[in-house]
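Notes to accompany the following structure.
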Amino acid sequence: MTRLLVIGYGNPLRGDDGFGPALAAQLHDALQNHTAVEIIACHQLTPELAEPLSRAQRVVFIDAADGGAPGAIAWQDIQTAADAPTQTTAARFTHQLTPPTLLAYAQSLYGAAPAQAFLLTVGGENFGYGESLSAPVAAAMPRAHARVRAQLA
Amino acid sequence: MGKTILIDPVTRIEGHSKITIQLDERGAVADARFHVTQMRGFEKLVQGRPFHEMPSLMARICGICPVSHLMASAKACDALLAVQIPDAADKLRRVMNLAQIVQSHALSFFYLSAPDLLLGMDADPARRNIVGLLQEKPELARDGIRLRQFGQQTIELLGGRRIHPGWVVPGGVNEPLDAAKRDEILQALPETLALAERTLQWFKPLVENYREEIRAFANFPSLFVGLVGAQDNLSFYDGALRVMDARGKIIADKIQAEDYAQYIGEAVEPDSYLKSAYYKPFGYPQGIYRVGPLARLNIVSTCETPRANREWAEFRELQRGPVLSSFHYHYARLVEILYALERMELLLADPAILSRHVRAYAAPNNYEGVGMSEAPRGTLIHHYKIDANGLMEWANLIIATGHNNLAMNQGVLQTAQHFVHGERLTDGALNRVEAVIRAYDPCLSCSTHAFGQMPLQVQLVNVKGELLDEKMRG
């Protein structure tokens, strides 16, 4: 059973969209000695993530958000399987497979989903072609890092 | 004044797009277009980068087929070095490439298309998606995940990372394969093969339910293009390009990577940033062709591996000559999954794959290099130019979805003409227009290097082409 699953996703060649994987990589280094913690950095959410989800007690998804103040961190409690069907019909692209849809997959296919699920987003400023984060997004990393670490307390 | 119906956005494919259908005064479909509205930019991003960074950089274009870009890029770099990679490296690259074919086809079939194929194109839209699939036939969803996991695990065992492996490098691969990892992959194969076969056995009878779609889904004569192996066989990693016409006649053959530009041209449509590829000798747009699973199974003479070969022979019985309906991309994908798994087994069973000699070393010997391979969706071309210091000056990428753009548009028009009628705007009809796009399994993130959410432009155009209304969404 995974105590905490972290999934940071986004395209690292599109500026601030690389925030999710970058924070996941940072957390991976920081939490190497923690047992029962799993960190995944990926380009986008895909169906097979349902399997590690089904083994986790708690999950934090990390993504950049388009719109909103650059560097602003939002922390959302995601509705789980019971409400997911409404949201999955709104999730119309597979490459935008949403966290609630993944939770529904986990519940439906494996009979289990995390009791607590959160989505951490940071407002992005620059999604152009490039490998670096903008200043406000880079500045938000420590706060976001701490927010996720607090889930282990 | 004609009326325009928008299906916006097209669901369940990677990336974004818009379809506009233009009706004339009588409510008949006058025109239908598939628009892609994102910009290209990855080709500019690479300028000034050391060429040996290209494979890992290019793998980051797309989260669905990073390995495809890795392969084509590495092959372009091999050409810059002017090296022949060691035999073990060739085998290892093939295994990784095949694993991704399995993975990508699994996503397309089980997650993008299965809701339509299982639940039917007239099913309630609230259920005709993955949720409905989970309720109706969860074992299909589970099998899809199992195939994706097998592909992922193989790629990780070889490359050491989940996505964007840094293991494939110019000149070969970074590290040889050890026996323990090889055995781990081999052990998972029998179960995965059985899964692929039972999916085929389940799907084939279903095809009978789709006679109308088969007739109308981009069912037209076109050229077919793809790589063919030395034994005229199905081949993904390597081979020479073949062009076949709709009657099965080979009109160009054994085209090497460096000569692609003599045969493949690219045009940019005014309403789309997706480049349209065409067969140069026939001109634009007459030189329309298709790539991908349907094209590959049409242009080869054998799949070589036993089970895939039997299924391929049965597939070819669908039509005398090349199979023309784009509906059959789905069937072709399943045959290719079977082939990929059988071929992986053969490659891994060969002791030569464990050789420690996996890399050829050289400095650049050419200023220009082209790499060509078959991605899940079709032929992928990476063309690079470097300066005397080995820094990238220029890159051109021709993506599978770009090859298919003209054919996808043809498919949208044909399907719209057949299924969409002014008086009856059924959801099922509109979904079929979307579904014909899905049959091609386009990866728009790749082909236009897009990401995430972007505003969608909706345009209402009258029969004279005058803009009546314009809206932004998202």
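Report yes if some residue within the range B:180-198 is in contact (Cβ under 8 Å) with a residue 60 or more places away in the chain and of a type in the set (S, T, N, Q); otherwise report no. Yes, the range B:180-198 has at least one match.
Among the residues of the range A:54-73, is any at pLDDT 90 or above, touching a strand residue (DSSP E or B) at 6+ places or on another chain (Cβ under 8 Å) and assigned to a helix (DSSP H, G or I)? No, every residue in the range A:54-73 fails to be at pLDDT 90 or above, touching a strand residue (DSSP E or B) at 6+ places or on another chain (Cβ under 8 Å) and assigned to a helix (DSSP H, G or I). All of A:Thr121, A:Thr88 fail the test of being at pLDDT below 80 and surrounded by 20 or more Cβ atoms within 10 Å (Cβ to Cβ), apart from A:Thr88. Enumerate the pairs (first residue in the range A:1-27 and free of Cβ contacts under 8 Å to residues at least 24 places away in the same chain; second residue anywhere and part of a loop (DSSP other than H, G, I, E, B) and buried (at least 23 other Cβ atoms within 10 Å of the Cβ)) with beta-carbon separation below 7 Å, excluding pairs fewer than 6 apart on the same chain, so at least 6 apart or on different chains. That search, which allows pairs on different chains as well, returns A:Pro21/A:Gly10. Residues in the range B:273-307 that are part of a helix (DSSP H, G or I), touching a strand residue (DSSP E or B) at 6+ places or on another chain (Cβ under 7 Å) and aromatic (Phe, Trp, Tyr): 0 in all. If you check B:Tyr329, B:Tyr361, B:Tyr367, B:Tyr384 for being closer than 30 Å to B:Glu208 by Cα and aromatic (Phe, Trp, Tyr), only one passes: B:Tyr329.
Can you report the number of residues in the range A:105-124 which are touching a Pro at 6+ places or on another chain (Cβ under 7 Å) and either of a type outside the set (Phe, Trp, Tyr) or touching a residue at least 60 places away in the same chain (Cβ under 8 Å) (or both)? Please lay out each step first, then the result.
Quick first cut of the range A:105-124, residues touching a Pro at 6+ places or on another chain (Cβ under 7 Å) only: A:105, A:108-109, A:117, A:119, A:123-124.
Now restrict to residues that are either of a type outside the set (Phe, Trp, Tyr) or touching a residue at least 60 places away in the same chain (Cβ under 8 Å) (or both): A:108-109, A:117, A:119, A:123-124.
Residues in the range A:105-124 being touching a Pro at 6+ places or on another chain (Cβ under 7 Å) and either of a type outside the set (Phe, Trp, Tyr) or touching a residue at least 60 places away in the same chain (Cβ under 8 Å) (or both): 6 in total.
Just one of the listed residues (B:Met71, B:Met58) is within 11 Å of chain A (Cβ to nearest Cβ), touching a strand residue (DSSP E or B) at 6+ places or on another chain (Cβ under 8 Å) and of a type outside the set (Lys, Arg), namely B:Met58. Report yes if A:Ala50 is part of a helix (DSSP H, G or I) and either within 12 Å of chain B (Cβ to nearest Cβ) or farther than 24 Å from B:Gly151 by Cα (or both), otherwise no. Spelling it out, A:Ala50 is indeed part of a helix (DSSP H, G or I) and either within 12 Å of chain B (Cβ to nearest Cβ) or farther than 24 Å from B:Gly151 by Cα (or both). Counting the residues of the range B:1-40 that are at pLDDT 70 or above and either in a loop (DSSP other than H, G, I, E, B) or within 10 Å of chain A (Cβ to nearest Cβ) (or both) gives 4. When A:Ala146 is tested against (1) more than 14 Å from chain B (Cβ to nearest Cβ); (2) outside any loop (DSSP other than H, G, I, E, B); (3) in contact (Cβ under 8 Å) with a residue 24 or more places away in the chain; (4) under 15 Å from the mean Cα position of the chain (by Cα), exactly one condition is not met: (3).
When only residues in the range B:144-157 that are in contact (Cβ under 8 Å) with a residue 40 or more places away in the chain and surrounded by 23 or more Cβ atoms within 10 Å (Cβ to Cβ) count, which is nearest to the other protein chains (Cβ to nearest Cβ)?
For the range B:144-157, the residue satisfying everything is B:Arg148.
Residue by residue, here is whether (1) under 30 Å from B:Glu208 (Cβ atoms); (2) more than 14 Å from chain A (Cβ to nearest Cβ) holds:
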{"residue": "B:Cys62", "(1), (2)": "no, no"}
{"residue": "B:Ala89", "(1), (2)": "no, yes"}
{"residue": "B:Val102", "(1), (2)": "yes, no"}
{"residue": "B:Ser108", "(1), (2)": "yes, no"}
{"residue": "B:Leu112", "(1), (2)": "yes, no"}
{"residue": "B:Pro115", "(1), (2)": "yes, no"}
{"residue": "B:Ala123", "(1), (2)": "yes, no"}
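Scan the range B:389-417 for residues that are part of a loop (DSSP other than H, G, I, E, B) and closer than 25 Å to B:Val225 by Cα and report the count. Counting residues in the range B:389-417 that are part of a loop (DSSP other than H, G, I, E, B) and closer than 25 Å to B:Val225 by Cα gives 2. The residues in the range B:308-326 that are small (Gly, Ala, Ser) and in a helix (DSSP H, G or I) can be counted, and the count is 3. Does B:Gln201 satisfy the condition of being part of a helix (DSSP H, G or I), within 11 Å of chain A (Cβ to nearest Cβ) and either among the aromatic types (Phe, Trp, Tyr) or surrounded by fewer than 18 Cβ atoms within 10 Å (Cβ to Cβ) (or both)? Judged against the criteria, B:Gln201 is not a match. Assessment of the range B:443-450 against the conditions (part of a loop (DSSP other than H, G, I, E, B), at pLDDT below 80 and not assigned by TED's automatic domain parsing to the domain that holds B:Val300) yields at least one matching residue. Where helices (runs of 4 or more DSSP H) sit wholly within the range B:45-143, those with at least 3 residues that are in contact (Cβ under 8 Å) with a residue 24 or more places away in the chain and crowded, with 21+ Cβ neighbours inside 10 Å occupy B:54-58, B:66-81, B:87-106, B:114-119. Taking the condition among the aliphatic types (A, V, I, L, M) and either in a loop (DSSP other than H, G, I, E, B) or crowded, with 23+ Cβ neighbours inside 10 Å (or both), does B:Leu346 pass? It is false that B:Leu346 is among the aliphatic types (A, V, I, L, M) and either in a loop (DSSP other than H, G, I, E, B) or crowded, with 23+ Cβ neighbours inside 10 Å (or both). Looking across the range A:1-41 at every residue that is more than 9 Å from chain B (Cβ to nearest Cβ), assigned to a loop (DSSP other than H, G, I, E, B) and touching a Ser or Thr at 6+ places or on another chain (Cβ under 9 Å), the one that is nearest to A:Ala117 (Cα to Cα) is identified as A:Arg3.
When B:Arg247, B:Arg290, B:Arg307, B:Arg242 are checked against the criterion of being in contact with a helix residue (DSSP H, G or I) (Cβ under 7 Å, 6 or more places away or on another chain), of a type in the set (D, E, K, R) and surrounded by fewer than 21 Cβ atoms within 10 Å (Cβ to Cβ), B:Arg307 stands alone in meeting it.
The values are calculated or read from the model by the stated rules, or taken from the named source; none is laboratory data. Bear in mind that the values here come from a model prediction, so they are computed numbers and not experimental data. Neighbour counts run over all protein chains shown; Cβ positions are idealised from the backbone, glycine included.
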